[in-house]
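To start, the structure itself, in structure tokens.
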Amino acid sequence: MIEPRIILQSDHGIDFDQLSDQAVEVVHRLNSAGFSGELVGGCVRDLLLGKQPKDFDVATSATPEQVKNLFERAIIIGRRFRLVEVRIAREIVQVATYRTAPGYSARYGRQRNFSSKGKILKDNNFGDIEQDAFRRDLTINSLFLNPSDMAIFDYSGGFEDIQAGIIRVIGNPTDRYQEDPVRILRTIRFAAAFDFEIDFKSAEPIPSLSRLLVDVSNSRLAEEIKKLFFSGNAVSVFGLLNEFGVFTDLFPCYSRVHGYSMDETTLQWLTGLFQEMDARIQNAEPLSLSYTLAAILWLPYSRALQRESTRRNGKNFDSTRLANDIVNLQNRSTYISKVNKQQIFEIWRLQRKMQQLKLGTRSIVGNSRFRAAVRLLEHRTKFDEVSRKASSGWIKIRDNQSVTGKRHTRRRRRPRPTVRT
Ligand code: ATP
Ligand code: MG
């Protein structure tokens, strides 16, 4: 048994009123039924950092079934990680049973829960609060807050790390990254979000282990890249991903193997893109995944187009195949839905159309991807891929749409112009 450090309210300063009423009620009901329960993880961390938590998670000694039975509107979700979603009023509180780190399960042993590469397959061995603290990823994410006396339990030194601005993996970082390579992305994401320093021991293994991300399901990685790049800190996230060599594991068409090392232009292209995304978040403007991917992947795509064009001495060729290759390669790493794929192709197709067809052509202006396409065109103009003269007219049309709030819509289908895309 390790005694936790107990931090009293007078020392941490979180106010009871800052807690979600619903999460407090969940803990209250668990307590009344004889179980322990605390607020845990991201919400405690964010409150200590003076930020508004996105949601409030609860950890408890009750099993998922026991939790479910205590609440009217509760469902058990997840397989790899079973937890209960309790709905109170309009809020959902996620309630997770204390777990042991899978490696330390006396009952099932290591084989049962790990792949041959040490990856966790299942994480459902229940334990006590101390074990639950150590199975978490980072010290800053491992603090428990008891709403009844407002005390924080700290088993891993997370309170000090928050105060010192340090991201530290709990346990042996190499083992923890191998168990779940997504932790590499979480380490980077939180370091960028809070402008924290990654502790040396937690940083050191990242470059050699990030290739393990290849084995993570593409749907899980698709979720992670949204969190990474739609965070408002995309520039710092990209800086760290690149510094540790992780970016190419997420975006394989940028990898050296395919001939695209991070030259200066590429770096500027991506940094510029992420700056623009951060600014949009700052201004509460919408961001679409398809535009983001279309813009990130544009460089490898346009370079592939150029190479193919040189190879064929400028003769016409099927660019759809090249577009498909790039998007399919990306889909192996981060899942791209059919709709998003179509939108990416459309944004790319419009790049050519805007350069080839008359300014204001209705099929272009009325296209649902027109605005995203102009945004990409604008970005390309900064890189001299398109002349200012060629892009300014389209930009004006787009800006006029914003001012009048009126968008052209395609009223009737016209025969497609016979331009190859
Ligand atoms: P966010 O603000 O992004 O929601 P969070 O810390 O709440 O941050 P969640 O993904 O909601 O992140 O996870 C909740 C908690 O579960 C974390 O704070 C952490 O303690 C634990 N956790 C999440 N993912 C992992 C992981 N891959 N390995 C170990 N612990 C994890
Ligand atoms: Mg959370």
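Out of all the residues in region 23-53, which are within 16 Å of ligand 1 (Cβ to nearest atom) and not aliphatic (A, V, I, L, M)? Correct list: G37, E38, G41, G42, C43, R45, D46, G50, K51, Q52, P53. Residues that are out of contact with any His (no Cβ under 6 Å at 6 or more places or on another chain), in a loop (DSSP other than H, G, I, E, B) and surrounded by 17 or more Cβ atoms within 10 Å (Cβ to Cβ) are absent from region 310-320.
Of the residues making up region 356-376, none is polar (S, T, N, Q), within 31 Å of the chain's Cα centre (by Cα) and assigned to a helix (DSSP H, G or I). For first residues located in region 151-179 and within 21 Å of A59 (Cα to Cα), partners that are assigned to a strand (DSSP E or B) and away from ligand 1 (no atom under 13 Å from the Cβ) and lie 6+ apart or on another chain with Cβ distances below 6 Å form the pairs A151/I6; I152/I7; D154/R5; F159/I7. Candidates are the residues of region 89-103 that are surrounded by 19 or more Cβ atoms within 10 Å (Cβ to Cβ) and modelled with pLDDT under 95; the one that is farthest from ligand 1 (Cβ to nearest atom) is T100. Residue count for region 191-202, restricted to those that are surrounded by fewer than 20 Cβ atoms within 10 Å (Cβ to Cβ) and either touching a residue at least 40 places away in the same chain (Cβ under 8 Å) or not in a loop (DSSP other than H, G, I, E, B) (or both): 6. For region 17-56, the tally of residues that are touching a helix residue (DSSP H, G or I) at 6+ places or on another chain (Cβ under 6 Å) and either farther than 24 Å from L138 by Cα or charged (D, E, K, R) (or both) stands at 3. Restricting the first member to region 47-60 and to residues that are under 21 Å from S36 (Cβ atoms) and aromatic (F, W, Y), and the second to residues that are within 11 Å of ligand 1 (Cβ to nearest atom) and assigned to a loop (DSSP other than H, G, I, E, B), no beta-carbon pair is closer than 8 Å while six or more apart or on different chains. Checked against the criterion of being surrounded by fewer than 19 Cβ atoms within 10 Å (Cβ to Cβ), of a type in the set (D, E, K, R), within 16 Å of ligand 2 (Cβ to nearest atom) and not in a loop (DSSP other than H, G, I, E, B), region 76-86 has at least one qualifying residue. The number of residues in region 54-75 being within 16 Å of ligand 1 (Cβ to nearest atom) and either outside any loop (DSSP other than H, G, I, E, B) or over 19 Å from D132 (Cβ atoms) (or both) comes to 6. When you look at G272, is it over 26 Å from R349 (Cβ atoms) and at pLDDT 90 or above, yes or no? Against the criterion (over 26 Å from R349 (Cβ atoms) and at pLDDT 90 or above), G272 does not qualify. None of E3, E25 is more than 16 Å from ligand 2 (Cβ to nearest atom), more than 28 Å from the chain's Cα centre (by Cα) and in a loop (DSSP other than H, G, I, E, B) except E3.
Entry remark, region 126-143: residues being among the charged types (D, E, K, R), in contact (Cβ under 8 Å) with a residue 40 or more places away in the chain and outside any loop (DSSP other than H, G, I, E, B) number 2 in total.
The test for being at pLDDT 95 or above and more than 16 Å from ligand 2 (Cβ to nearest atom) does not hold for S116.
Of everything in region 63-75 that is surrounded by fewer than 16 Cβ atoms within 10 Å (Cβ to Cβ) and among the charged types (D, E, K, R), the residue that is farthest from R136 (Cα to Cα) is E72.
State which residue is surrounded by the fewest Cβ atoms within 10 Å (Cβ to Cβ) when the search covers only region 221-253 and only residues that are farther than 20 Å from E276 by Cα and over 12 Å from the mean Cα position of the chain (by Cα). Only one residue fits best here, namely E243. If the condition is being without any contact (Cβ under 8 Å) to a residue 40 or more places away in the chain and farther than 16 Å from A372 by Cα, then region 264-298 contributes E264, T266, L267, L270, T271, N283, A284. Scanning region 28-53 for residues that are within 16 Å of ligand 2 (Cβ to nearest atom) and not in a loop (DSSP other than H, G, I, E, B) turns up E38, L39, V40, G42, C43, V44, R45, D46, L47, L48.
With respect to (1) of a type outside the set (V, I, T); (2) in contact with a helix residue (DSSP H, G or I) (Cβ under 6 Å, 6 or more places away or on another chain); (3) touching a residue at least 24 places away in the same chain (Cβ under 8 Å), the lone exception for L322 is condition (3). Please work out which residue is modelled with the lowest pLDDT, limiting yourself to region 224-265 and to residues that are assigned to a helix (DSSP H, G or I) and touching a Pro at 6+ places or on another chain (Cβ under 8 Å). Result: H258. Filtered by the rule that a residue be more than 20 Å from L250 (Cα to Cα) and crowded, with 16+ Cβ neighbours inside 10 Å, region 321-344 gives a lone residue, Q343.
The values are calculated or read from the model by the stated rules, or taken from the named source; none is laboratory data. Given the structure is predicted, the values throughout are model-derived calculations rather than measurements. Heads up, the Cβs are rebuilt from the backbone with ideal geometry, glycines too, and the neighbour counts pull from every protein chain shown.
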